[in-house]
1. Can you tell me which of 119-125, 179-185, 6-12 comes out highest on packing, and rank the rest after it, using the mean Cβ neighbours within 10 Å?
2. If you count only protein heavy atoms with a 1.4 Å probe, what accessible area per residue comes out for the stretch 3-221, rounded to a whole Å²?
3. Within 14 Å, Cβ to Cβ, of Leu175, how many net charges do the neighbouring residues add up to if Lys/Arg are +1 and Asp/Glu are -1?
4. Roughly how many percent of the accessible protein surface of the chain is carbon and sulfur, given a 1.4 Å probe and a whole-percent answer?
5. Under the rule a/c < 1.5 gives rounded, and otherwise a/b versus b/c splits prolate from oblate, where does the stretch 175-224 land using the Cα gyration tensor?
6. If you bin the C-alpha pair distances of the chain every 5 Å from 0, what whole percents do you get?
7. Summing +1 for each Lys or Arg and -1 for each Asp or Glu, what net charge is found among the other residues whose Cβ lies under 15 Å from the Cβ of Glu5?
8. May I ask you to order 36-48, 134-146 by the average number of other C-beta atoms within 10 Å around their residues, highest value first?
Amino acid sequence: MTKIEHKLYIDDVIRRVETARLSVSGHLIVKIVAVSKYSTSQDISDLYSIGQRGFGENKVQDLKSKALELDELPLEWHFIGNLQKNKINNLLEIDPTLFQALDSLELAEELQKKLVAKDMTLDCLMQINSAKEESKHGFMPEVALSSYESIIGNCPNINIRGVMSIGAHSEDTELIKKSFITTYEIYKQIPNATICSMGMSGDFELAIECGSNMIRLGSIMFPD
Ligand SMILES: *Cc1c(COP(=O)(O)O)cnc(C)c1O
(Lines give C-alpha, C1' and ligand atoms only; values in the text may rest on other atoms or scores of the structure.)
Protein backbone atom coordinates (compact mmCIF):
# COMPACT_ATOMS: atom_id res chain seq x y z
CA MET A 1 0.00 0.00 0.00
CA THR A 2 1.17 3.51 -0.71
CA LYS A 3 0.98 6.03 2.09
CA ILE A 4 -2.18 7.56 0.58
CA GLU A 5 -3.84 4.18 0.17
CA HIS A 6 -2.95 3.38 3.78
CA LYS A 7 -4.45 6.65 4.97
CA LEU A 8 -7.67 6.00 3.04
CA TYR A 9 -7.84 2.48 4.38
CA ILE A 10 -7.45 3.65 8.00
CA ASP A 11 -9.98 6.43 7.39
CA ASP A 12 -12.43 3.73 6.46
CA VAL A 13 -11.82 1.85 9.73
CA ILE A 14 -12.28 5.11 11.64
CA ARG A 15 -15.51 5.75 9.76
CA ARG A 16 -16.83 2.38 10.91
CA VAL A 17 -15.89 3.21 14.51
CA GLU A 18 -17.62 6.59 14.13
CA THR A 19 -20.79 5.02 12.78
CA ALA A 20 -20.96 2.58 15.69
CA ARG A 21 -20.17 5.32 18.19
CA LEU A 22 -22.84 7.66 16.85
CA SER A 23 -25.41 4.87 16.94
CA VAL A 24 -24.90 4.84 20.72
CA SER A 25 -24.40 8.53 21.48
CA GLY A 26 -22.72 11.58 20.04
CA HIS A 27 -21.16 12.07 23.47
CA LEU A 28 -19.48 8.68 23.57
CA ILE A 29 -15.73 8.81 22.95
CA VAL A 30 -14.19 5.57 21.71
CA LYS A 31 -10.45 5.23 21.83
CA ILE A 32 -8.62 2.98 19.39
CA VAL A 33 -5.59 1.08 20.66
CA ALA A 34 -3.70 -0.35 17.69
CA VAL A 35 -2.49 -3.83 18.64
CA SER A 36 0.93 -4.11 17.06
CA LYS A 37 1.89 -7.61 18.26
CA TYR A 38 2.27 -8.96 14.70
CA SER A 39 3.73 -5.73 13.33
CA THR A 40 7.15 -4.16 13.09
CA SER A 41 8.39 -0.90 14.53
CA GLN A 42 8.28 0.50 11.00
CA ASP A 43 4.56 -0.39 10.72
CA ILE A 44 3.95 1.36 14.05
CA SER A 45 5.85 4.41 12.92
CA ASP A 46 3.82 4.51 9.66
CA LEU A 47 0.57 4.38 11.60
CA TYR A 48 1.82 7.06 13.98
CA SER A 49 2.51 9.32 11.00
CA ILE A 50 -1.16 9.20 10.03
CA GLY A 51 -2.33 10.02 13.52
CA GLN A 52 -2.45 6.88 15.69
CA ARG A 53 -1.02 7.36 19.20
CA GLY A 54 -2.00 4.34 21.33
CA PHE A 55 -0.40 0.94 20.71
CA GLY A 56 -0.78 -2.39 22.46
CA GLU A 57 1.51 -5.41 22.84
CA ASN A 58 0.94 -8.74 24.54
CA LYS A 59 4.51 -9.79 25.27
CA VAL A 60 6.69 -7.80 27.65
CA GLN A 61 9.80 -8.42 25.59
CA ASP A 62 8.16 -7.11 22.39
CA LEU A 63 6.73 -4.12 24.19
CA LYS A 64 10.14 -3.32 25.54
CA SER A 65 12.04 -3.62 22.28
CA LYS A 66 9.47 -1.65 20.27
CA ALA A 67 9.08 1.05 22.92
CA LEU A 68 12.86 1.48 23.01
CA GLU A 69 13.19 1.53 19.22
CA LEU A 70 10.43 4.13 18.95
CA ASP A 71 11.53 6.11 21.97
CA GLU A 72 11.58 9.37 19.97
CA LEU A 73 7.85 9.23 19.21
CA PRO A 74 5.26 10.35 21.78
CA LEU A 75 3.44 7.00 21.79
CA GLU A 76 1.12 5.59 24.41
CA TRP A 77 1.88 1.95 25.25
CA HIS A 78 -0.71 -0.52 26.50
CA PHE A 79 0.19 -3.95 27.78
CA ILE A 80 -2.68 -6.28 26.91
CA GLY A 81 -1.22 -9.75 27.50
CA ASN A 82 -0.88 -12.19 30.33
CA LEU A 83 1.78 -10.89 32.72
CA GLN A 84 4.02 -13.48 34.35
CA LYS A 85 5.24 -12.53 37.79
CA ASN A 86 8.89 -12.76 36.74
CA LYS A 87 8.26 -10.16 34.01
CA ILE A 88 6.72 -7.49 36.24
CA ASN A 89 9.93 -5.51 36.67
CA ASN A 90 10.56 -5.55 32.92
CA LEU A 91 7.10 -4.15 32.34
CA LEU A 92 7.54 -1.45 34.99
CA GLU A 93 10.79 -0.32 33.36
CA ILE A 94 8.70 0.74 30.35
CA ASP A 95 6.14 2.43 32.63
CA PRO A 96 3.25 1.70 30.25
CA THR A 97 0.26 4.01 29.98
CA LEU A 98 -2.12 1.21 30.91
CA PHE A 99 -1.83 -2.43 31.93
CA GLN A 100 -5.05 -3.92 30.60
CA ALA A 101 -4.79 -7.50 31.80
CA LEU A 102 -4.70 -7.62 35.58
CA ASP A 103 -6.22 -11.08 35.96
CA SER A 104 -5.77 -12.37 39.51
CA LEU A 105 -5.37 -11.26 43.12
CA GLU A 106 -2.00 -13.01 43.33
CA LEU A 107 -0.74 -10.94 40.41
CA ALA A 108 -2.15 -7.76 41.97
CA GLU A 109 -0.32 -8.47 45.22
CA GLU A 110 2.95 -9.21 43.46
CA LEU A 111 2.55 -6.11 41.32
CA GLN A 112 1.84 -4.02 44.42
CA LYS A 113 5.14 -5.15 46.01
CA LYS A 114 7.14 -4.27 42.92
CA LEU A 115 5.40 -0.91 42.59
CA VAL A 116 6.22 -0.02 46.20
CA ALA A 117 9.85 -0.99 45.68
CA LYS A 118 10.04 1.33 42.68
CA ASP A 119 7.90 4.03 44.27
CA MET A 120 5.51 3.91 41.30
CA THR A 121 1.80 3.63 40.66
CA LEU A 122 0.24 1.89 37.67
CA ASP A 123 -3.08 2.36 35.90
CA CYS A 124 -4.67 -1.04 35.32
CA LEU A 125 -7.80 -2.66 33.96
CA MET A 126 -9.19 -5.82 35.49
CA GLN A 127 -9.48 -8.50 32.84
CA ILE A 128 -12.86 -10.19 33.04
CA ASN A 129 -13.35 -13.74 31.77
CA SER A 130 -16.90 -12.82 30.89
CA ALA A 131 -17.73 -15.95 28.88
CA LYS A 132 -16.06 -18.15 31.52
CA GLU A 133 -13.76 -19.82 29.02
CA GLU A 134 -11.04 -22.22 30.18
CA SER A 135 -8.71 -20.87 27.54
CA LYS A 136 -8.93 -17.32 28.83
CA HIS A 137 -7.44 -15.45 31.72
CA GLY A 138 -9.33 -13.06 33.92
CA PHE A 139 -11.60 -12.72 36.91
CA MET A 140 -14.84 -14.65 36.75
CA PRO A 141 -17.78 -12.23 36.57
CA GLU A 142 -19.22 -13.29 39.94
CA VAL A 143 -16.00 -12.48 41.82
CA ALA A 144 -15.03 -9.37 39.88
CA LEU A 145 -16.49 -6.86 42.32
CA SER A 146 -15.25 -8.53 45.49
CA SER A 147 -11.84 -8.83 43.83
CA TYR A 148 -11.98 -5.14 43.00
CA GLU A 149 -12.63 -4.37 46.69
CA SER A 150 -9.72 -6.54 47.68
CA ILE A 151 -7.34 -4.83 45.25
CA ILE A 152 -8.46 -1.40 46.40
CA GLY A 153 -7.93 -2.42 50.02
CA ASN A 154 -4.58 -4.14 49.63
CA CYS A 155 -2.88 -2.58 46.63
CA PRO A 156 -2.83 1.21 46.97
CA ASN A 157 -0.26 1.62 44.17
CA ILE A 158 -2.61 0.02 41.64
CA ASN A 159 -5.18 2.36 40.11
CA ILE A 160 -8.10 0.40 38.70
CA ARG A 161 -9.39 2.43 35.76
CA GLY A 162 -11.92 -0.09 34.51
CA VAL A 163 -12.24 -3.47 32.83
CA MET A 164 -10.97 -5.34 29.80
CA SER A 165 -12.47 -8.38 28.16
CA ILE A 166 -12.15 -10.48 25.03
CA GLY A 167 -15.51 -11.36 23.49
CA ALA A 168 -16.74 -14.95 23.68
CA HIS A 169 -14.93 -17.23 21.27
CA SER A 170 -17.95 -18.10 19.18
CA GLU A 171 -19.63 -17.64 15.81
CA ASP A 172 -22.84 -16.88 17.66
CA THR A 173 -23.31 -13.11 17.82
CA GLU A 174 -25.74 -13.45 20.72
CA LEU A 175 -23.12 -15.20 22.85
CA ILE A 176 -20.51 -12.59 22.04
CA LYS A 177 -23.00 -9.86 22.86
CA LYS A 178 -23.86 -11.53 26.15
CA SER A 179 -20.18 -11.57 27.12
CA PHE A 180 -19.87 -7.86 26.31
CA ILE A 181 -22.97 -7.02 28.33
CA THR A 182 -21.63 -8.99 31.30
CA THR A 183 -18.39 -6.99 31.13
CA TYR A 184 -20.21 -3.68 30.77
CA GLU A 185 -22.37 -4.40 33.82
CA ILE A 186 -19.27 -4.98 35.93
CA TYR A 187 -17.73 -1.80 34.54
CA LYS A 188 -20.80 0.16 35.61
CA GLN A 189 -20.49 -1.08 39.18
CA ILE A 190 -16.82 -0.18 39.66
CA PRO A 191 -16.60 3.21 41.38
CA ASN A 192 -14.88 5.88 39.25
CA ALA A 193 -14.14 3.47 36.39
CA THR A 194 -13.75 5.28 33.08
CA ILE A 195 -12.48 2.58 30.71
CA CYS A 196 -14.43 -0.34 29.30
CA SER A 197 -11.99 -2.03 26.91
CA MET A 198 -13.70 -4.56 24.67
CA GLY A 199 -13.90 -5.22 20.95
CA MET A 200 -11.29 -6.42 18.47
CA SER A 201 -11.06 -6.39 14.66
CA GLY A 202 -13.92 -8.85 14.22
CA ASP A 203 -16.38 -7.55 16.78
CA PHE A 204 -15.65 -3.91 17.62
CA GLU A 205 -18.95 -2.55 16.33
CA LEU A 206 -20.93 -4.92 18.52
CA ALA A 207 -18.66 -4.09 21.48
CA ILE A 208 -19.27 -0.36 21.03
CA GLU A 209 -23.02 -0.97 20.87
CA CYS A 210 -22.66 -2.81 24.20
CA GLY A 211 -20.88 0.12 25.86
CA SER A 212 -17.20 -0.23 25.01
CA ASN A 213 -15.18 2.98 24.98
CA MET A 214 -11.79 1.44 24.14
CA ILE A 215 -11.29 -0.99 21.28
CA ARG A 216 -8.15 -3.01 20.65
CA LEU A 217 -7.67 -3.38 16.92
CA GLY A 218 -4.89 -5.57 15.58
CA SER A 219 -5.23 -7.10 12.12
CA ILE A 220 -7.59 -4.46 10.79
CA MET A 221 -5.17 -1.62 11.66
CA PHE A 222 -2.18 -3.35 10.09
CA PRO A 223 -3.33 -4.68 6.70
CA ASP A 224 -0.83 -6.70 4.66
C1 LIG B 1 -4.34 -9.73 19.55
C2 LIG B 1 -5.23 -9.06 20.49
C3 LIG B 1 -6.14 -8.09 20.05
C4 LIG B 1 -6.31 -7.70 18.59
O5 LIG B 1 -6.83 -8.75 17.83
P6 LIG B 1 -7.35 -8.53 16.32
O7 LIG B 1 -8.39 -9.57 16.16
O8 LIG B 1 -6.16 -8.72 15.45
O9 LIG B 1 -7.91 -7.16 16.24
C10 LIG B 1 -6.94 -7.48 21.00
N11 LIG B 1 -6.86 -7.80 22.31
C12 LIG B 1 -6.00 -8.72 22.78
C13 LIG B 1 -5.97 -9.01 24.24
C14 LIG B 1 -5.17 -9.38 21.88
O15 LIG B 1 -4.31 -10.31 22.36
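The values are calculated or read from the model by the stated rules, or taken from the named source; none is laboratory data. Keep in mind it's a predicted model, so treat the numbers as computed, not measured. Using ideal geometry, Cβ is built from the backbone for each residue, glycine included, and neighbour counts are taken over all protein chains shown. Accessible surface areas use protein heavy atoms only, side chains included; no ligands, DNA or RNA. Shrake-Rupley method; radii C 1.70, N 1.55, O 1.52, S 1.80 Å.
1. 179-185, 119-125, 6-12
2. 49
3. Its environment carries a net charge of -1.
4. Carbon and sulfur: 49 percent of the exposed surface of the chain.
5. Since a/c reaches 1.5 but b/c is at least a/b, the shape of the stretch 175-224 is classed as oblate.
6. Percent of Cα pairs in each bin: 1, 7, 15, 18, 20, 17, 12, 7, 2, 1, 0.
7. Overall, the nearby charge balance is -3.
8. Top of the packing list down: 36-48, 134-146.
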